[in-house]
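Notes follow the structure.
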Amino acid sequence: MKTIAPGIQQWSWFSDEKQLDFNGLLLTINDHCILVDPPPLQPEDRTAILKSPRIDYVLITNRDHAREAETCRREFNAKVYAPAADAPLMEITPDKTFQDGELLPGGIWVIHLHDMKSPGESALFLERGKGCLIVGDALIGKPTGQLNLLPAEKFADVGKAKEGLKRLLKYQFDMVLVGDGASLMTAGKDALRRLLES
């Protein structure tokens, strides 16, 4: 578990199959402690979470990022929130679903992204500092320092997927925290623009 920005901690679990890190976030915002897309926890990560104030929520950005959400719900007595369009496709039942434009606890805005790998794929936006964008499978951080899409076969139409991502450019953000790969601490919006123009 490492602190990557004020109130934001990240831990990672390396996937041999995908050959990249799966990342989870611990957000401490106002009176809330929130986990996002939690991958497996090493003992030291679990200890760090237990030392933080009580976990209120586990947010899932898409159906495939439920990961350890059920374990975290049980262990930390937290409520699981997931995209409404993905909830029927998940193996776990969320406590609540969310929609595009919804304001979640902690002041986190939901941005639903169309034509992605799953119908409910959502980015999460935090208006703090220079702005922070949290993404699940919409973008990956590979190679380090760049943003990319998942392999083309994961989409029905890659062109439409790119088009769907353009709505993210309406938001002001510098940091892009990815569920898979290496997050960008600065110049994230520029990296997204480069990807969409390529």
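The values are calculated or read from the model by the stated rules, or taken from the named source; none is laboratory data. Remember, predicted model here, so these are calculated numbers, not experimental data. Cβ placement follows ideal geometry from the backbone for every residue including glycine, while neighbour counts extend to all protein chains displayed.
Please find, among Lys166, Lys160, the residue that is part of a helix (DSSP H, G or I), touching an Asp or Glu at 6+ places or on another chain (Cβ under 9 Å) and not hydroxyl-bearing (Ser, Thr, Tyr). Explain how you work it out, then say what you get.
Numbers: Lys166 fails: touching an Asp or Glu at 6+ places or on another chain (Cβ under 9 Å).
Every option except Lys160 fails the conditions.
For the range 169-198, the set of residues classified as surrounded by 21 or more Cβ atoms within 10 Å (Cβ to Cβ) and not in a helix (DSSP H, G or I) consists of Phe173, Met175, Val176, Leu177, Val178, Gly179, Asp180, Gly181, Ser183, Leu184, listed by residue number.
Listed by first and then second residue, the pairs with beta-carbon distance under 6 Å, at least 6 apart or on different chains, first residue in the range 174-198 and on the phi < 0 side of the Ramachandran plot, second at pLDDT 95 or above and β-branched (Val, Ile, Thr), are Asp174/Thr186; Leu177/Ile134; Val178/Val135; Val178/Ile140; Asp180/Ile140; Leu184/Val176; Gly188/Val176.
Determine, yes or no, whether Leu113 is out of contact with any strand residue (DSSP E or B) (no Cβ under 7 Å at 6 or more places or on another chain), surrounded by 14 or more Cβ atoms within 10 Å (Cβ to Cβ), closer than 26 Å to Pro88 by Cα and at pLDDT 95 or above. No: the conditions fail for Leu113. Among the residues here, Tyr81 does not qualify as in contact with a Phe, Trp or Tyr (Cβ under 7 Å, 6 or more places away or on another chain), within 30 Å of Thr144 (Cα to Cα) and in contact (Cβ under 8 Å) with a residue 40 or more places away in the chain. Report yes if some residue within the range 160-168 is modelled with pLDDT of 95 or more, over 26 Å from Arg54 (Cα atoms), more than 15 Å from the chain's Cα centre (by Cα) and surrounded by 21 or more Cβ atoms within 10 Å (Cβ to Cβ); otherwise report no. Yes, the range 160-168 contains a residue that is modelled with pLDDT of 95 or more, over 26 Å from Arg54 (Cα atoms), more than 15 Å from the chain's Cα centre (by Cα) and surrounded by 21 or more Cβ atoms within 10 Å (Cβ to Cβ).
Each row is one residue, and each column tells you yes or no for (1) within 18 Å of Lys117 (Cβ to Cβ); (2) of a type outside the set (A, V, I, L, M).
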site	(1), (2)
Pro6	no, yes
Phe22	yes, yes
Asp31	no, yes
Pro83	yes, yes
Met90	yes, no
Glu102	no, yes
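Among the candidates Pro38, Pro43, single out the residue that is over 19 Å from Pro143 (Cα atoms) and either of a type in the set (Asp, Glu) or surrounded by fewer than 19 Cβ atoms within 10 Å (Cβ to Cβ) (or both).
Testing whether each residue is over 19 Å from Pro143 (Cα atoms) and either of a type in the set (Asp, Glu) or surrounded by fewer than 19 Cβ atoms within 10 Å (Cβ to Cβ) (or both) leaves just Pro43.
Could you grab me the full set of residues in the range 126-140 that are buried (at least 19 other Cβ atoms within 10 Å of the Cβ) and either of a type in the set (A, V, I, L, M, F, W, C) or more than 12 Å from the chain's Cα centre (by Cα) (or both)? Step through it out loud before you land on a result.
Quick first cut of the range 126-140, residues buried (at least 19 other Cβ atoms within 10 Å of the Cβ) only: 126, 132-140.
Leu126, Cys132, Leu133, Ile134, Val135, Ala138, Leu139, Ile140 - these are the residues of the range 126-140 that are buried (at least 19 other Cβ atoms within 10 Å of the Cβ) and either of a type in the set (A, V, I, L, M, F, W, C) or more than 12 Å from the chain's Cα centre (by Cα) (or both).
Scanning the range 71-91 for residues that are assigned to a loop (DSSP other than H, G, I, E, B) and surrounded by fewer than 14 Cβ atoms within 10 Å (Cβ to Cβ), we see that the one that is farthest from the chain's Cα centre (by Cα) is Asn77.
Restricting to the range 47-70, and then to whatever is outside any loop (DSSP other than H, G, I, E, B) and modelled with pLDDT of 95 or more, can you tell me which residue is nearest to Pro119 (Cα to Cα)? Across the range 47-70, the extreme among qualifying residues is Arg63. Pairs meeting the criteria (first residue in the range 30-50 and farther than 22 Å from Pro94 by Cβ, second residue in a loop (DSSP other than H, G, I, E, B), beta carbons under 6 Å, at least 6 apart or on different chains) are Asp45/Met1; Ala48/Met1.
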